[in-house]
Each structure stands twice: as structure tokens, then as C-alpha cells.
Amino acid sequence: MPDSATHTSDSHDPAWRERGTLPVLVAIAALVAIISSLGAPLIPSIARSDHVSLSAAEWVLTAALMTGALATPAMGRLADGPRKRRVIEVALTAVLAGCVLSALSSSFVVLIIGRGMQGIGLGLLPVTMAIARSQFSFAKAGPAIATLSVSAAVGAGLGYPITALIAQFLNYRAAFWFGAITVAFVLALAVVVLPNRSDGHSRRFDRIGMVTLGAAVVGVSAELSEGGTWGWTSLWSLVIITFSALMLALWIAHELKVADPLIDVRQVRNRSVLTADVSAFLIGVAMYLFLPIVIEFVQIPTAIGYGFGSSILVSGLVFVPLSIGAFGASRCLTAYTDRFGTRTMIPFGSLMFAASTLFFAIEHRALWEAFLTAGIAGIGIGFTFAAMPGFVVRAVPVSETGSAMGLYQVLRSIGLSLGSALAAAILITFTAQGHTYPSFEGFRVTLIVASALCAMTALVSYLLPGNVVGGLLQEVERMMEEEAQVGAVGLMLAEDPLGTEPPAHGD
């Protein structure tokens, strides 16, 4: 593919604007990490300050993940058009308003609304990649997108300790003010530097698909979070479950017949694509049955009878070995595929993840065990999230890569959201009336469920694809390495990092 086909920057743009585009995109990618860091480490502090149970405080994470799951396909779809900067401006404005609202909140409900608004920013990373793909020549776009991926991963590894540090020495509201200041700065840079228009054609936005998918995701998340309170077989729970199933059925039927679907669901007919999609969903659920649980456990006062009573800063540092483990896994991918092929990568990573969650469910007597658990989990997450995109790319034509990756990402994002909601549902089941903290069995059950989901992923991912050709092309290996780094912190890539239409080999 010639460079002219991909380099569409306005020839009248000043040189400083062209030079500044990538640094601004990197700042936006790092901002995604900051938004995600305003979640899990703050949950115990918010539970104590707002006098709510730990399971209710989980909505600080669930609300952002849920809106992120909904915003990601919409923003990715809009980013295919010519108004990519406008998408970023609107998203950052919503995130800024959400940070301010959370910082000023006078009630827990208002805080959750603010976090939901912040979750819109979790769909920013694919938009930055779309801009890089359209504004730079193909030779420059690849390294630029790799830089964005690494920036997001490194930013997340630093974001959690920084957020925890601010919250520890000030309060959790100061962490939201920190987020607001950062967002305002990046928004100003985006308005000044990023090009107003870029390549892409405006197409009809699938509003019906967006509404029906959103209703299904919200319904399922609400049921998982509140079902323990309502009663799993209560009339209200049955109504919500029926409504969510109906919305999901309507969404699938609509996507199959509309000319410009929000997500092309036909791709799941391919067994290799289905393997990646199912694995992404299951691992996504398991990840957020694990990450917030460990962070919360580390902070719980020892007087409760379990927990380490550590500071919020120490709990934020638990994420560091997770990122290191995933990064280390990404460095081993080529050697692993040369020796064992690609078919066992997802099963191997899933079993490593299962081992880490099961280990912490059994051994949790010392703080170092939490750090070790996170490191082992990082290796597992790195391998699983590394292999999944390769299954998709090998199985679909180049022209359909973007659509297939879009479905994969949405399922992974929904999995993260549902995992957080399911963790809250389990904890609330083991929380006595009027108590803030659940019994230890709530944590144990959550970790065991995560282990079971990982084991299920290993089995499904090995049996489902059938005969898969071993080995990966160089472009796919690079994509796998980048995806492993970002996957370490649960960030949400919505598109193929090489662009929706990468060149065929030999071009």
C-alpha cells in the first residue's frame, strides 16, 4: 500500500502541528491509564468515607467499565469517519465533567454517575490509533501505534501508584481532581494540535444497535450487582433477566440485517474467530473477578480477621508486578511460538492465570503473596491477550480485519464489565446486613470462580479452533506483543493496531 494512501494530513497544516500530533496522541493514550487508575485502589476508601458496603463501592469500577464497554464500539465506529478529533473532544469533555462531578459529589449516587461519565474515556485508545493510521504514512503509522500501545501500558503501571499516593496523603476526592486537571490539559492540547479533519467517510450510525446492545449490557450488569439484594429468583430479577435476553436477541437480529451494523456478528461463524471472542469474554470476566478483589483484600484492616491492613499506596503497587509479568510474557512470544506453536498459547496463559487466583484463594497470610500472585497473573494475562488477536487476523480477509477485531474487543470489554459486577454480586451475598466488609468466604468464592473461568477458557480455546495452522506472520507477532502489554492492565483496544485495512503481504 503506498504511503499516499494512508497519509492524509492536511497539506496546509503547519509543521509544528504535524510534529505535535504523535505526542498529543501519546498523552491521550496515557490518560486512559489514569482514568482506569481512579477505580480499584480507591474502592475501600470510598466504602469507608461514604458509609457503603464494599460490594456497593465496587460500582466505582463497574460504572466506568460498563460505560466503557458501551462507548468503545460507538467511538470506534465514529472514528472511521472524518471527524476523529471531534470524537476525542466530546469524550474528553465528558470525562472532565465526570471527574469534577465525582470530586464534588455529596452522595455516593452522584459519585457513581461521575465515574460512569469517566468511563467514556476508556474508548479513546482506538480513536488515537485511527488518527495515527490516517495521519501518518504507513512506514510511520506502525511505530506510532506501537508507541501508543506501550504508552498506555506504562501509564497504567504508573497511574495506580500515583493515584493511590494522592488518595493516601489527601483523600480520594483529590485523586479525582488530579484526573480532572490532567484531562483538562490533554483536552487543550488536542484542540490546538490535532487536525480538524482526517480521512474517512461518514456513514449512517447504527442507533438501534447501540440502544439494544446498551440496554442488554446495563440490564445484565444491574442484575449481577443487585441480584443478591433483590433475590436471584425474585420477580424483579426475572424481569431484568428477561428484558436483557430480549434486548440481546433484538440486537443480534438487527445487526444481521442492517447495512452498516455497529458490529458485524457474522464473523463468529469462523471457529478461529469464535475461539478468540469466547476466550476474550471469559478472561475478561475472570480478570475483574481477580484484580479488584486482591486490591481490596490488601487494604482490609487486620482487625476484621483477614486482610493485610496496608495503605492505599501499597495496594496500588500490587499492579506493578502484574504489568512486569505481562511485559515479560510479551518478550517471550516469538520463542514460545517457535517451540510450541500458537494453539497452546491461550490454554497456557489461562492455566497460569488460574494458578495465580487459586494460589491466593489458598495462601494469603503475607503481603508478598499478593505481589507474587499479581506477577503470575500478569504472565497469564500477557499470553492470553497476546494470542487472541492472532486467531482473528489469521482467519479473516484483510478487508474484514477491522470488523472482526471490533467484535472481539466489544466482547472483551463486556467481559470486564460483567466481571466487576459479578464480583460485587458475590461479595454482597457474603456481606451481613449493616456491615461494610464481607466475610472472607466472599473473597474465596470470587477467586475460585475466577479460577474456574480460566480453566474453562483453557479447555474451550484448545478444543474449539480445531486444526489451527501454527506460526504467525511478523505483523501479527508485533501486534501480539503490543496487545499483551496493554492487556496487562485491562485496557480496551477496539481495532486492529495495524489499521482497519493493512496492506497485503508483498505490497
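Computed quantities for the displayed model
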| quantity | calculated |
| --- | --- |
| Residue within the stretch 229-250 that is modelled with pLDDT under 80 and under 30 Å from Thr93 (Cβ atoms) present | no |
| Unmet criterion (only one of (1) open to solvent by 50 Å² or more (accessible area, probe 1.4 Å); (2) part of a helix (DSSP H, G or I); (3) at pLDDT below 85; (4) among the aromatic types (Phe, Trp, Tyr)) for Tyr288 | (1) |
| Qualifying residue in the stretch 294-313 (condition: at pLDDT 85 or above, closer than 27 Å to Leu61 by Cα, assigned to a loop (DSSP other than H, G, I, E, B) and open to solvent by less than 10 Å² (accessible area, probe 1.4 Å)) | yes |
| Checking Val278 against (1) within 14 Å of Ala387 (Cα to Cα); (2) modelled with pLDDT under 85, the condition it does not meet | (2) |
| Residue satisfying condition, being modelled with pLDDT of 70 or more and surrounded by fewer than 16 Cβ atoms within 10 Å (Cβ to Cβ), within set Ser49, Ser11 | Ser49 |
| Residues located in the stretch 81-99, provided they are in contact (Cβ under 8 Å) with a residue 60 or more places away in the chain, of a type in the set (Val, Ile, Thr) and buried (at least 18 other Cβ atoms within 10 Å of the Cβ) | Ile88, Val95 |
| Any chance Ser403 is open to solvent by less than 20 Å² (accessible area, probe 1.4 Å), at pLDDT 55 or above, out of contact with any His (no Cβ under 7 Å at 6 or more places or on another chain) and in a helix (DSSP H, G or I) | no |
| For Glu223: the one exception among (1) farther than 24 Å from Ala63 by Cα; (2) open to solvent by 10 Å² or more (accessible area, probe 1.4 Å); (3) touching a helix residue (DSSP H, G or I) at 6+ places or on another chain (Cβ under 9 Å); (4) not aromatic (Phe, Trp, Tyr) | (1) |
| Residue within the stretch 314-333 that is in a helix (DSSP H, G or I), crowded, with 23+ Cβ neighbours inside 10 Å and of a type in the set (Val, Ile, Thr) present | no |
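Residues checked against (1) open to solvent by 20 Å² or more (accessible area, probe 1.4 Å); (2) in a helix (DSSP H, G or I); (3) modelled with pLDDT under 70; (4) within 26 Å of Ser311 (Cβ to Cβ):
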| residue | (1), (2), (3), (4) |
| --- | --- |
| Ala153 | no, yes, yes, yes |
| Leu165 | yes, yes, no, yes |
| Ala184 | yes, yes, no, no |
| Pro195 | no, no, no, no |
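The values are calculated or read from the model by the stated rules, or taken from the named source; none is laboratory data. Here the structure is a predicted model, which is why all the values come from computation and not from measurement. Here Cβ is always computed from backbone atoms with ideal geometry, including for glycine, and neighbour counts include all displayed protein chains. SASA here: full protein model, heavy atoms, side chains in, ligands and nucleic acids out. Shrake-Rupley method; radii C 1.70, N 1.55, O 1.52, S 1.80 Å.
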